[in-house]
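The structure appears right after this line, and notes come after that.
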Amino acid sequence: MLETARKAPDKPPRSRPRPRSVALWLAAVAAGAVGAVAVSTPAQAALRDAAAIQQGRFIGYAANAQLLCNNQASCTSGSNATYRNIAATEFNQVTPENVMKWESIEPNDDQYNFGPADGIVAFAQANGQKVHGHTLVWHSQTPGYVQGLSAAAMRAEMQEHIQAVVGRYANNPAVVSWDVVNEPISDSNGQLRQSFWLNTLGPSYIADAFRFARQADPDADLCINDYGIDGINTKSNAMYNLVQDLLNQGVPITCVGFQGHLQLNQIPSSLQQNLQRFADLGLKVRITELDIRIPLPSDQNEFQQQAQNYTTVVNACLAVAACQGITLWGIDDGNSWLPNSCCGNEGDPLLWDRNFQQKPAYNAVMTALGGSTGQVPGTPGTPTATNVTASSVTLTWAPSSGTVTNYQIERATGATSNTFTQVGTSTTTTFTDTGLSANTTYRYRVRAVNSAGTSSYSEIVNVTTTGGSGSGPTCTYRIDAWNDGYVAYVTVYGPTSSWSIPFTIASNSSIINSWNATISPSSGTNRTATNMSYNGNLAAGQSTQWGFQATRPGGGALATFPNCTAE
């Protein structure tokens, strides 16, 4: 209700005793009376089984109370069984996505709706997960009845709300931390955000919120949380200065949350350094709302890049001893908060796709955490050759499915050679091979590698380097001969826009028929085969075959091809 309707417009701060119903609820959970909220763990490895998690870090998710629990305190079922199973088996930490925000948990003054939040907490406790409460004081999703209060009344309302919400779960061992103040820093100037909190209470509202939370729970980690502070920049510098000031005041802040709402291929290079400087203040740090969004529609190549980005973020956290863990802002792309007006047409940011199938990012996170996916990558696409010169070629291929650490590129010399050696590796789907010989045909194949093993090889592509001597495109030939005749098969390799292959036959030989080429002159020993209208333009990696049948009376000499290599 509005301030004018309150019995005591400027009521003094007052603490709210922990409701007896909470104690009864906790006893019910311990006794198993809340319902069948536990989900059986699958036999295959899960993220929570990875080495880093077993050594004390956490991997968590933001929980949708409807999908998980049908918004019910009992949480005996949810609206999506697949979502619920992944939530139970893959993670050891959970953050309620919306149901602990002020407008959800106290939509009207002194009228609390704890049921959906209680359900998530019960599910977490039954499945061995820790809960991070989100969020107590925020400029968004706070009801209007709070925003219009006077300073004294607003401070009292803040204290009452914090003590009621934090106090409800203070004795529950599953609820271990809180986002006390969320997004207090402005996006534009490195100052405190101009919110109704700041405008009414001044900067002290932040310290007050932490002190009220500590009064309600003497043991929980109390965090400040914001977006856009992942790397070292104006906003993160402002957060650093704010946190230093709070510590100097003796404010009971114990951790900093870095939301991690990131864009594809825009992971801050200073992420690890930034986490470390906050840790050096004696604070715990955590990545609280991680997702990496992709311009839509997304494709497999972008999924591979996304996987590499996730690896970068996980490695940054693991490199900082005080980084407690990572919470993903959701489970699957279909139920993500993205796309959203904040970020344009960008989405598909999570580890599972819209059909709950694991994306490459899942295996990347698993591997980075020290787990084993048990799955080798899929087979890469057939390489395509571009930028072919006398000494180099660039290869590009479609990415493998699954996690890829790198690709191995192998080469054989000669149009039919199967003697391959590795000539390089690439963490992307392109590779440039240099130091090649002119007018030479090479064969290439690619395979993908991850911690579980190697993929099958791609299809082979033949590439012929250019010459510059005017000798024409590279070709190979073979001849099938019998006593008085033979058939010649000639393969011509691109790149070329047309071709002309000289050859010689014996003076007593005659060409009976030919195919896929025009042969001239029609008599004599020196002949030339030229392309037809349909097979003259050959791109790098393409080839065409032509041939002829000829006589050789008395087992005479076979045709010769001075510019071609025998197969």
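Data overview
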| read-out | value |
| --- | --- |
| Tally of residues being assigned to a strand (DSSP E or B), of a type in the set (Phe, Trp, Tyr) and in contact with a Gly (Cβ under 9 Å, 6 or more places away or on another chain) across the stretch 484-503 | 2 |
| Candidates Tyr486, Tyr493, Tyr457 - the one that is of a type in the set (Phe, Trp, Tyr), within 30 Å of Ala45 (Cα to Cα), in contact (Cβ under 8 Å) with a residue 40 or more places away in the chain and surrounded by 15 or more Cβ atoms within 10 Å (Cβ to Cβ) | Tyr457 |
| Some residue of the stretch 509-525 being open to solvent by 20 Å² or more (accessible area, probe 1.4 Å), at pLDDT below 95 and touching an Asp or Glu at 6+ places or on another chain (Cβ under 8 Å) | no |
| Number of the exception - Tyr534 against (1) among the hydroxyl-bearing types (Ser, Thr, Tyr); (2) loosely packed, with under 14 Cβ neighbours inside 10 Å; (3) at pLDDT below 90 | (3) |
| Qualifying residue in the stretch 283-302 (condition: within 26 Å of the chain's Cα centre (by Cα), in a helix (DSSP H, G or I), surrounded by fewer than 22 Cβ atoms within 10 Å (Cβ to Cβ) and of a type outside the set (Asp, Glu)) | yes |
| Residue satisfying condition, being of a type outside the set (D, E, K, R) and either at pLDDT below 90 or outside any loop (DSSP other than H, G, I, E, B) (or both), within set Ala506, Ala481, Ala557 | Ala481 |
| Failed item, numbered, when Trp546 is tested on (1) assigned to a loop (DSSP other than H, G, I, E, B); (2) modelled with pLDDT of 90 or more; (3) closer than 21 Å to Thr474 by Cβ | (1) |
| Residue that is farthest from Pro268 (Cα to Cα) [pool: residues in the stretch 303-330 that are open to solvent by less than 10 Å² (accessible area, probe 1.4 Å) and of a type in the set (Ser, Thr, Tyr)] | Thr327 |
| Only one of Thr394, Thr389 that is modelled with pLDDT under 90 and among the polar types (S, T, N, Q) | Thr389 |
| The stretch 106-132, residues that are in contact with an Asp or Glu (Cβ under 8 Å, 6 or more places away or on another chain), closer than 22 Å to Cys69 by Cβ and in contact (Cβ under 8 Å) with a residue 60 or more places away in the chain | His132 |
| Tally of residues being among the acidic types (Asp, Glu) and surrounded by fewer than 16 Cβ atoms within 10 Å (Cβ to Cβ) across the stretch 375-431 | 0 |
| Failed item in (1) part of a loop (DSSP other than H, G, I, E, B); (2) crowded, with 16+ Cβ neighbours inside 10 Å; (3) modelled with pLDDT of 85 or more, with Gly435 passing the rest | (2) |
| Any hit, the stretch 438-452, residues being farther than 30 Å from Thr405 by Cα and not small (Gly, Ala, Ser) | yes |
| Conditions (1) among the hydroxyl-bearing types (Ser, Thr, Tyr); (2) in contact (Cβ under 8 Å) with a residue 60 or more places away in the chain; (3) under 16 Å from Ala385 (Cβ atoms): number failed by Ser426 | (2) |
| Criterion: in contact (Cβ under 8 Å) with a residue 40 or more places away in the chain, of a type in the set (D, E, K, R) and surrounded by fewer than 18 Cβ atoms within 10 Å (Cβ to Cβ) - qualifying residue of Glu183, Glu157, Glu103 | Glu103 |
| Exclusive hit being out of contact with any Pro (no Cβ under 8 Å at 6 or more places or on another chain), at pLDDT below 85, more than 18 Å from Thr430 (Cβ to Cβ) and not hydroxyl-bearing (Ser, Thr, Tyr), set Asn355, Asn340, Asn363 | Asn340 |
| Residue ID - nearest to Arg286 (Cα to Cα), chosen from residues in the stretch 73-96 that are outside any strand (DSSP E or B) and open to solvent by less than 10 Å² (accessible area, probe 1.4 Å) | Phe91 |
| Those residues of the stretch 537-567 which are surrounded by 18 or more Cβ atoms within 10 Å (Cβ to Cβ) and of a type in the set (Val, Ile, Thr), in sequence order | Thr544 |
| Sole residue being more than 28 Å from Val492 (Cβ to Cβ), buried (at least 23 other Cβ atoms within 10 Å of the Cβ) and in contact with a Phe, Trp or Tyr (Cβ under 6 Å, 6 or more places away or on another chain), chosen from Leu369, Leu351 | Leu351 |
| Filter pass, Ser40 being under 30 Å from the mean Cα position of the chain (by Cα), at pLDDT 90 or above, more than 30 Å from Asp208 (Cα to Cα) and among the hydroxyl-bearing types (Ser, Thr, Tyr) | no |
| Of residues in the stretch 118-139 being open to solvent by 40 Å² or more (accessible area, probe 1.4 Å) and modelled with pLDDT of 95 or more, the one nearest to Pro203 (Cα to Cα) | His139 |
| Failed item in (1) outside any strand (DSSP E or B); (2) open to solvent by 10 Å² or more (accessible area, probe 1.4 Å); (3) closer than 28 Å to Val99 by Cβ, with Leu262 passing the rest | (1) |
| Some residue of the stretch 204-212 being in a loop (DSSP other than H, G, I, E, B) and of a type in the set (Ser, Thr, Tyr) | no |
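Okay, residues lined up against (1) in contact with a Ser or Thr (Cβ under 9 Å, 6 or more places away or on another chain); (2) open to solvent by less than 10 Å² (accessible area, probe 1.4 Å); (3) outside any strand (DSSP E or B); (4) farther than 25 Å from Asn315 by Cβ:
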{"position": "Cys223", "(1), (2), (3), (4)": "yes, yes, no, no"}
{"position": "Asp230", "(1), (2), (3), (4)": "yes, no, yes, no"}
{"position": "Asn237", "(1), (2), (3), (4)": "no, no, yes, no"}
{"position": "Val243", "(1), (2), (3), (4)": "no, yes, yes, no"}
{"position": "Gln266", "(1), (2), (3), (4)": "no, no, yes, no"}
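The values are calculated or read from the model by the stated rules, or taken from the named source; none is laboratory data. If you're wondering where the values come from, they're calculated on a predicted model, not measured in any experiment. Methodologically, a virtual Cβ is constructed for each residue, glycine included, from the backbone with ideal geometry; neighbour enumeration extends over all protein chains shown. What goes into the accessible areas is simple: the full protein's heavy atoms, side chains included, and nothing from ligands, DNA or RNA. Shrake-Rupley method; radii C 1.70, N 1.55, O 1.52, S 1.80 Å.
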